[in-house]
Amino acid sequence: MCDAKRVLSFRIEGTRASLSDLLINEMEEPKQTAEDQDVQEVRNYVAAMEHGLTRLRTLPLSLRLVREIHGRLMKRVRGDRATPGEFRRSQNWIGPSGSTIETAPYVPPPQEYLDDLLGDWEQFLHKRNTFPDLIQCAIIHEQFEAIHPFLDGNGRLGRLLITLFLIERGRLAQPLLYLSAYIEAHRQDYYDLLQRVRTHGDWKNWLQFFLTGVTEIAREAVGQADHLMGLREKFRTRLQDKSKALALLDELFLNPYMSVAKAERVLKVSNPTARQAVLLLQRKGMLEEITGRTWGKLYLAKPIMDTIE
Ligand SMILES: Nc1ncnc2c1ncn2[C@@H]1O[C@H](COP(=O)(O)OP(=O)(O)OP(=O)(O)O)[C@@H](O)[C@H]1O
Ligand SMILES: [Mg+2]
């Protein structure tokens, strides 16, 4: 993924860990262990998405791929509910924390029905020319959440599947549509509407909710992408032929945080050269030092950050 796309992708599940936590964490020397569980969770989400995108080139969206993606999603996540890549072998229930199987608003099908249900679900996943793609996508999502095939991570996986399905169908050229932000903003409605499909057969309101979300998120993403591309053009002209600074600028569209150490790594140059490039970007108003320290300085491309936040 490049430029705007990559930065936008961080908005996907960036609600638990703040976007800055995540980007700063990512900027540091890639020491594969993020101590922060929330950051780990979001990074897993991004890794799972990237894995899905790569595999989609050779494998159809299928139960096999779903399990693989779950494996990535739950990697290094602690707890006995993680069981990466495995469908559940016990009964589960969905409800506010503390609820029991008796009090939970929804108890998914017993595990011995899973094979059949998932088999049907997969067949539906492969169906073509029956429903408009977005409608089919909304149904697939609802059914996936209703089956709730994993002990944990069903919500995240279900949201990933929305993007992957639309890519597979050629509706999205790039993973630029993340419904997560919309779902997060309307979480209670989202739960209620999933529930009402079962209790009242109320597909209409679920579909409406889903389609409204797609419209809103798509508009927003187009606006942000336009804005980022405009910024990039404007900044590039200000740098003219300064090739190191230009390379660093591109890097800022991947992650708007910068340090001299990072510039050294990215540009593969000595410390003084890296420092020069960073200072040039600072002089041109593209970077701002944000720590106020004399050592361990950290820079931020605020206009980029403001656009994605
Ligand atoms: N009443 C309901 N009926 C069906 N599915 C529901 C209902 N309420 C919630 N869900 C689904 O269950 C998901 C939560 O399941 P789970 O805890 O396995 O996933 P998660 O990825 O850990 O959670 P989250 O979605 O909060 O990130 C919700 O995101 C939603 O999609
Ligand atoms: Mg959960």
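As a footprinting exposure proxy, order Ile135, Ile167 by other Cβ within 10 Å, with the fewest listed first. Can you show the working numbers first?
On the way: Ile135 14, Ile167 19.
Taking fewest neighbouring Cβ atoms as first place, the list is Ile135, Ile167.
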**Request:** Could you work out which residue, out of Thr273, Thr130, Thr215, moves most in a Gaussian network model of the chain, that is, has the largest mean-square fluctuation with Cα springs under 10 Å?
**Result:** Thr130
**Request:** Tabulate in residue order the Karplus-calculated ³J(HN,Hα) for region 39-44, using 6.51 cos²θ - 1.76 cosθ + 1.60 with θ = phi - 60°, rounded to whole Hz; enter x for Gly and Pro.
**Result:** 5, 4, 4, 5, 5, 4
**Request:** Starting at the first residue of region 76-93, write each ³J(HN,Hα) from the Karplus equation 6.51 cos²θ - 1.76 cosθ + 1.60 with θ = phi - 60°, in whole Hz, x for Gly and Pro.
**Result:** 6, 8, 7, x, 7, 8, 5, 5, x, x, 10, 5, 5, 10, 8, 6, 10, 8
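Give me the dipole magnitude in Debye, nearest 20, for the chain about the Cα centre, with unit charges on the beta carbon: positive for Lys and Arg, negative for Asp and Glu.
Details: 43 positive and 41 negative charges, 254 e Å.
The calculated dipole for the chain is roughly 1220 debye.
Based on the alpha carbons, how large is the Rg to Rh ratio for region 3-222 when Rh follows Kirkwood?
Details: Rg = 17.0 Å, Rh = 18.1 Å.
Value, to two decimals: 0.94.
Take the Cβ-Cβ distance between Asp202 and Ser90 as r, set R0 to 35 Å, and report the resulting FRET efficiency rounded to the nearest 0.05. Mind showing how you got there, number by number?
Values: r = 30 Å, r/R0 = 0.84.
Between Asp202 and Ser90 the formula returns 0.75.
Going highest first, how would you order 288-294, 46-52 by mean Cβ packing within 10 Å? Spell out each step's value before the answer.
Working: 288-294: 10.7, 46-52: 19.6.
Result, highest mean first: 46-52, 288-294.
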**Asked** Under a 5 Å amide H to amide H cut-off, with H placed in plane at 1.01 Å, what residues pair with Ser99 once short-range neighbours are removed?
**Response** none
**Asked** Can you list the residues, at least 5 places off or on another chain, whose amide H is less than 5 Å from the amide H of His148, using H built in the peptide plane?
**Response** none
**Message:** Taking amide H atoms as placed 1.01 Å from N in the peptide plane, list the residues 5 or more away in sequence, or in a different chain, whose amide H sits under 5 Å from that of Leu287.
**Reply:** Gln282
**Item:** Paramagnetic reach from Ala247 (point 7 Å along Cα→Cβ, amide N under 14 Å) across region 260-293
**Value:** 262-278
**Request:** Find the percent of Cα-Cα distances in region 193-309 that exceed 20 Å, and round it to a whole number.
**Result:** 53 percent
**Item:** Cα point-scatterer Debye curve for region 55-172, base-10 log of I(q)/I(0) at q = 0.15, 0.17 Å⁻¹
**Value:** -0.69, -0.88
**Asked** Among Thr163, Thr100, Thr83, which one shows the biggest mean-square fluctuation in a GNM of the chain, springs joining Cα atoms closer than 10 Å?
**Response** Thr100
**Request:** Compute the distance in nm between two label points, each set 7 Å from the Cα along the Cα-to-Cβ direction, one at Glu122 and one at Arg81.
**Result:** 2.6 nm
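Identify the chymotrypsin sites (Phe, Trp or Tyr not before Pro) of region 129-169 meeting these criteria: DSSP loop state and at most 10 other C-beta atoms within 10 Å of the C-beta.
Nothing satisfies the criteria.
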**Prompt:** So which chymotrypsin sites (Phe, Trp or Tyr not before Pro) in region 58-127 pass both tests, a DSSP loop state and at most 15 other Cβ atoms within 10 Å of the Cβ?
**Reply:** Trp93
**Request:** Round to a whole angstrom and tell me the spacing of the C-alpha centers of region 245-309 and region 64-136.
**Result:** 42 Å
**Request:** Using DSSP to define loop residues, name the trypsin sites (Lys or Arg not before Pro) in region 46-112 whose beta-carbon has at most 10 other beta-carbon atoms within 10 Å.
**Result:** Arg57, Arg78, Arg89
**Item:** Mean separation of Cα contacts under 8 Å, 6 or more apart, over the residue count of region 240-308: relative contact order %
**Value:** 33 percent
**Asked** Where the Cα atoms of region 229-277 are projected onto their three principal axes, how long is each span, largest first, in whole Å?
**Response** 30, 22, 12
**Prompt:** Relative contact order of the chain: what whole-number percent is it, with Cα pairs under 8 angstrom and at least 6 residues apart?
**Reply:** 18 percent
**Item:** ³J(HN,Hα) computed for each position of region 247-262 - Karplus, 6.51 cos²θ - 1.76 cosθ + 1.60, integer Hz, glycine/proline x
**Value:** 5, 5, 4, 4, 4, 5, 7, 8, 7, x, 8, 8, 9, 5, 4, 5
**Request:** Considering the options Asn154, Leu172, Tyr257, tell which one lies farthest towards the positive end of the dipole of the chain, charges being +1 on Lys and Arg and -1 on Asp and Glu at the Cβ, about the Cα centre.
**Result:** Tyr257
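Only the coordinates and a few stated rules stand behind these numbers; no lab work does. Please read these numbers as outputs of a predicted model, since none were measured by experiment. Virtual Cβ from ideal backbone geometry, glycine too; neighbours counted across all protein chains shown.
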